[in-house]
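Before any comments, here is the structure.
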Amino acid sequence: MKKILFCAGILLILNACSSEKVNFSQLQDRNGLFYLVNKDKPFSGDVASYVNGKVEFEGKIENGLREGPWVYYYPSGQKKAEGSYKEGFKDGTWTSYKENGAQDVLEMYKYGKLLTNQGTVTETKDTLKTKPVTENVSAPAAPPHVATTKKVEKKQDVVVWERLKGGPVKYLNGTPYTGAVIKYQRSGQKELEGNFLRGQKSGKWIYYDKYGNVKDVRYY
């Protein structure tokens, strides 16, 4: 009986330890996957980042990638933003808040690709109103006797920067990459986004500071 109780106590201690959140600063980013320092296996577990003893953001990592709900905070402790990740990509609805707690911006993502942005929420006396979502609203169907030859083009997914290889010319799966790319900071905020044409930067590129604000726009 004593042996059983002893084993049960050990299990409780191990569970308590495993449920503790790991400080995000203890992780290393290796080609887009997070590892604990001196570990060879991608990290899995709950994490949190702290600034001056206060939580900056918190969430979960599975097999080295952000997964599930993540929450970001202002230094005051007020919620700044919240949303979910899927296999390291922002996915679903993301909500940003003003420091006074009022809802600010709603964004809808699909595997890291921004689908809709409802802009700043207008606050009224009685309620908060946003523009209606118009994503995926189909045009009226043509009558049966009217033939239509319009092709629906499939939108290309945005590729995360860490998946690209090479120097001045970037490759994806051994081929010079053409398409959109995005890179995130360790905090989860965007670092840059733009497009490649045959492996080289092309068109408009946007660069962000550590708070997610636009700091530079360049054209290639």
**OP:** Only residues that are within 18 Å of the chain's Cα centre (by Cα) and in a strand (DSSP E or B): list them for region 36-52, please.
**Re:** Gly45, Asp46, Val47, Ala48, Ser49
Original post:
How many of the residues in region 109-122 are more than 11 Å from the chain's Cα centre (by Cα), among the hydrophobic types (A, V, I, L, M, F, W, C) and part of a strand (DSSP E or B)?
Top reply: 1
**OP:** Could you list all residues from region 86-116 that are at pLDDT below 90 and among the aliphatic types (A, V, I, L, M)?
**Re:** Val105, Leu106, Met108, Leu114, Leu115
Original post:
Considering region 174-193 alone, what residues qualify as being under 28 Å from Leu27 (Cβ atoms) and over 16 Å from the mean Cα position of the chain (by Cα)?
Top reply: Tyr177
Subject >> All positions within region 53-63 that are surrounded by 13 or more Cβ atoms within 10 Å (Cβ to Cβ) and part of a strand (DSSP E or B) >> reply: Val55, Glu56, Phe57, Glu58, Gly59, Lys60, Ile61, Glu62
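The values are calculated or read from the model by the stated rules, or taken from the named source; none is laboratory data. Keep in mind it's a predicted model, so treat the numbers as computed, not measured. Quick reminder, even Gly has a Cβ in these numbers, built from the backbone with ideal geometry, and neighbours come from all protein chains shown.
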